[in-house]
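What follows is calculated from the coordinates using simple rules that are stated; it is not laboratory data. Computed from a prediction, not measured in an experiment: that's the story for all the values here. As a convention, Cβ positions derive from the backbone with ideal geometry for all residues, glycine included, and neighbour counts pool all protein chains shown.
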Amino acid sequence: MRTLEELRARLDVLDRQLLELVAERQTIGTEIAAVKRATGQSTRDFGREREVLLLAAGGHTNREIARTLHLSEQTVHNYRANIMEKLGLHDRMELLKFAIKRGVIEVADL
């Protein structure tokens, strides 16, 4: 059983993580709005592409991504293909390298 001090420490960590997520979400929202204005692409599509990018770069299969995001495998395939085409990438390894270089994911998360 955890002590009260351990629980408080864990709560402090969770609070910091929550604040980081809120800040990241605000930054992402700003980036999405800029892309939307520049390209005319819908915010929802861009958000889904980013979600697919994160999961794909983390090594998840189309099937796993589809289950996680409640999409069909074909839809995930299309999102992944669109992402790779836009970025000029040719395979999953290039996608992974791109995600690490751009800070989308960290090596420690793999």
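Residues of segment 43-82 that are out of contact with any Phe, Trp or Tyr (no Cβ under 9 Å at 6 or more places or on another chain) and assigned to a loop (DSSP other than H, G, I, E, B): 58, 59, 60, 61, 70, 72. Yes or no: residue 62 of a type outside the set (A, V, I, L, M), more than 26 Å from residue 21 (Cα to Cα) and without any contact (Cβ under 8 Å) to a residue 60 or more places away in the chain? In short, no.
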